[in-house]
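For reference, the structure is listed below as C-alpha coordinates.
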Amino acid sequence: EGTEALSLPLDYVRAVSGHVQAGDQVNAYVTGNRAKVNLEINVETGDDGIPESVSVGAKGQATFLLLDEIPVIEVLGANPAQETSTPTMTLAVTKKEAATLISAQETAKLWFTLVPGEEDEQ
(Lines give C-alpha, C1' and ligand atoms only; values in the text may rest on other atoms or scores of the structure.)
Protein backbone atom coordinates (compact mmCIF):
# COMPACT_ATOMS: atom_id res chain seq x y z
CA GLU A 1 0.00 0.00 0.00
CA GLY A 2 1.26 3.48 -0.84
CA THR A 3 3.53 2.18 -3.58
CA GLU A 4 3.40 1.83 -7.33
CA ALA A 5 5.25 -0.46 -9.74
CA LEU A 6 8.32 0.92 -11.51
CA SER A 7 10.17 -1.12 -14.15
CA LEU A 8 13.75 -0.21 -14.90
CA PRO A 9 15.82 -1.51 -17.81
CA LEU A 10 18.92 -3.30 -16.55
CA ASP A 11 21.95 -5.06 -17.84
CA TYR A 12 22.81 -8.51 -16.49
CA VAL A 13 25.58 -7.38 -14.12
CA ARG A 14 23.73 -4.43 -12.60
CA ALA A 15 20.83 -6.75 -11.83
CA VAL A 16 23.10 -8.85 -9.56
CA SER A 17 23.92 -11.32 -12.36
CA GLY A 18 20.50 -12.92 -12.42
CA HIS A 19 20.23 -13.64 -8.69
CA VAL A 20 17.36 -11.23 -7.97
CA GLN A 21 13.86 -12.72 -7.91
CA ALA A 22 10.35 -11.54 -7.12
CA GLY A 23 9.97 -11.22 -3.35
CA ASP A 24 13.60 -10.14 -2.80
CA GLN A 25 14.73 -6.71 -1.65
CA VAL A 26 17.50 -4.66 -3.25
CA ASN A 27 19.56 -1.62 -2.37
CA ALA A 28 20.10 0.98 -5.10
CA TYR A 29 23.46 2.73 -5.50
CA VAL A 30 24.29 5.50 -7.93
CA THR A 31 27.59 6.71 -9.36
CA GLY A 32 27.64 10.17 -10.81
CA ASN A 33 28.04 13.85 -10.27
CA ARG A 34 25.85 14.85 -7.33
CA ALA A 35 24.94 18.13 -9.02
CA LYS A 36 23.77 16.34 -12.18
CA VAL A 37 21.84 13.69 -10.28
CA ASN A 38 20.29 16.57 -8.32
CA LEU A 39 19.51 14.56 -5.20
CA GLU A 40 19.77 15.42 -1.55
CA ILE A 41 21.65 12.45 -0.14
CA ASN A 42 23.01 12.09 3.39
CA VAL A 43 26.56 10.86 2.97
CA GLU A 44 27.42 10.42 6.63
CA THR A 45 28.67 7.14 7.98
CA GLY A 46 25.90 4.59 8.43
CA ASP A 47 24.87 2.91 11.71
CA ASP A 48 27.28 0.08 10.95
CA GLY A 49 30.22 2.51 10.70
CA ILE A 50 30.58 2.02 6.95
CA PRO A 51 30.63 5.17 4.80
CA GLU A 52 27.59 5.46 2.57
CA SER A 53 29.52 7.46 -0.03
CA VAL A 54 32.84 6.77 -1.68
CA SER A 55 34.59 9.28 -3.95
CA VAL A 56 35.70 7.88 -7.27
CA GLY A 57 37.83 9.43 -9.98
CA ALA A 58 36.71 12.74 -11.41
CA LYS A 59 35.91 15.76 -9.28
CA GLY A 60 32.32 15.71 -8.13
CA GLN A 61 31.91 11.99 -8.90
CA ALA A 62 30.86 9.64 -6.13
CA THR A 63 29.13 6.33 -5.52
CA PHE A 64 26.49 6.42 -2.81
CA LEU A 65 23.50 4.59 -1.41
CA LEU A 66 20.37 5.97 -3.02
CA LEU A 67 17.56 3.82 -1.59
CA ASP A 68 17.59 0.72 0.56
CA GLU A 69 15.44 -2.39 0.96
CA ILE A 70 13.33 -1.83 -2.16
CA PRO A 71 10.83 -4.69 -2.70
CA VAL A 72 11.19 -6.53 -6.02
CA ILE A 73 7.92 -7.41 -7.75
CA GLU A 74 9.25 -9.07 -10.92
CA VAL A 75 12.45 -9.63 -12.88
CA LEU A 76 12.38 -10.38 -16.61
CA GLY A 77 15.31 -11.34 -18.79
CA ALA A 78 18.01 -10.95 -16.14
CA ASN A 79 19.18 -14.48 -16.86
CA PRO A 80 21.14 -14.93 -20.12
CA ALA A 81 19.18 -18.16 -20.73
CA GLN A 82 15.93 -16.16 -20.90
CA GLU A 83 15.09 -14.63 -24.23
CA THR A 84 13.85 -11.12 -23.50
CA SER A 85 14.80 -8.10 -25.57
CA THR A 86 15.51 -5.79 -22.63
CA PRO A 87 15.99 -7.16 -19.11
CA THR A 88 13.84 -5.30 -16.57
CA MET A 89 13.33 -5.28 -12.83
CA THR A 90 9.99 -4.11 -11.46
CA LEU A 91 10.09 -2.55 -8.00
CA ALA A 92 7.45 -1.41 -5.50
CA VAL A 93 8.25 2.24 -4.78
CA THR A 94 6.63 5.43 -3.56
CA LYS A 95 6.19 8.30 -6.01
CA LYS A 96 9.23 10.09 -4.58
CA GLU A 97 11.35 6.93 -4.79
CA ALA A 98 10.20 6.42 -8.40
CA ALA A 99 11.32 9.95 -9.31
CA THR A 100 14.65 9.41 -7.54
CA LEU A 101 15.35 6.13 -9.36
CA ILE A 102 14.27 7.50 -12.73
CA SER A 103 16.51 10.55 -12.28
CA ALA A 104 19.46 8.32 -11.37
CA GLN A 105 18.78 5.99 -14.31
CA GLU A 106 18.69 8.92 -16.75
CA THR A 107 21.60 11.00 -15.43
CA ALA A 108 24.07 8.62 -13.77
CA LYS A 109 24.96 4.93 -13.37
CA LEU A 110 22.54 2.88 -11.28
CA TRP A 111 23.59 -0.39 -9.56
CA PHE A 112 21.73 -2.80 -7.28
CA THR A 113 22.78 -5.12 -4.47
CA LEU A 114 20.71 -8.02 -3.19
CA VAL A 115 19.65 -7.69 0.45
CA PRO A 116 20.01 -11.06 2.22
CA GLY A 117 16.71 -12.60 3.30
CA GLU A 118 16.13 -13.89 6.83
CA GLU A 119 17.02 -17.46 5.81
CA ASP A 120 20.29 -16.15 4.26
CA GLU A 121 21.38 -14.40 7.48
CA GLN A 122 21.40 -17.55 9.63
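Below is a table of values for the structure above.
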item	result
Test for residue 41: is it in contact with a helix residue (DSSP H, G or I) (Cβ under 8 Å, 6 or more places away or on another chain) and at pLDDT 85 or above	no
Lone qualifier among 69, 97 - being open to solvent by 50 Å² or more (accessible area, probe 1.4 Å), modelled with pLDDT of 90 or more and on the phi > 0 side of the Ramachandran plot	69
Among (1) farther than 16 Å from residue 27 by Cβ; (2) modelled with pLDDT under 65; (3) out of contact with any helix residue (DSSP H, G or I) (no Cβ under 7 Å at 6 or more places or on another chain) - the single one residue 78 does not satisfy	(3)
Whichever residue in segment 12-22 is open to solvent by 70 Å² or more (accessible area, probe 1.4 Å) and either at pLDDT 70 or above or in contact with a Phe, Trp or Tyr (Cβ under 7 Å, 6 or more places away or on another chain) (or both) and, among such residues, is nearest to residue 91 (Cα to Cα)	21
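The values are calculated or read from the model by the stated rules, or taken from the named source; none is laboratory data. Computed from a predicted structure; not experimentally measured. Here the Cβ is made from the backbone with ideal geometry for all residues, glycine too, and neighbour counts use every protein chain on show. Just so you know, the surface numbers come from the protein's heavy atoms only, side chains and all, with ligands and any DNA or RNA stripped out. Shrake-Rupley method; radii C 1.70, N 1.55, O 1.52, S 1.80 Å.
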